[in-house]
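Here the structure is laid out as structure tokens; the discussion comes afterwards.
Taken together, the values in this text are just the output of simple stated rules run on the coordinates, not laboratory data. Note that the structure is a prediction, hence the values are computed from the model and not measured. Every residue, glycine as well, gets a Cβ built from its backbone with ideal geometry; the counts of neighbours run over all protein chains shown.
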Amino acid sequence: MDGLVRYINTNRSRMAYKTCKQRGYPIGSGVVESGCKQIIQARHKQAGMRWNRENAQKMLNLAVFIRSDRWPEFWETQRAA
């Protein structure tokens, strides 16, 4: 029980569900889970695909840049490198 009380006291500021809901913020994990399914599974878990960790991360990074409308920002980082 002490652990639960400590957790609640430590994370109280993150538990403003009513305020978040009033502001239109998602309070569940559905948005994140859906994003993972669309970005990761749709491209990276197709039949016959095999990825090592390093290359999978590189592809995921690109997918995130594209889907977050940050593609030009990606190319700026490449020119600087």
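Candidate membrane-span-like segments in the chain, meaning DSSP H helices with Cα atoms spread over at least 24 Å of their own axis and a Kyte-Doolittle mean of 0.0 or above, do not occur, with no membrane implied either way.
Calculated [222 nm] ellipticity per residue, helices only, for the chain: -17000 deg cm²/dmol; basis is -39500 (n - 2.57) per DSSP H run with n ≥ 4, divided by all residues, nearest 500. With only the Cα atoms considered, the stretch 22-81 has a convex hull volume of 117 Å³ per residue. Counting lysine pairs in the chain whose alpha carbons fall under 27 angstrom apart, excluding pairs fewer than 8 residues apart on the same chain, gives 4. For Asn11 and Asn61, the FRET efficiency from 1/(1 + (r/R0)^6), where r spans their Cβ atoms and R0 equals 30 Å, is about 0.55.
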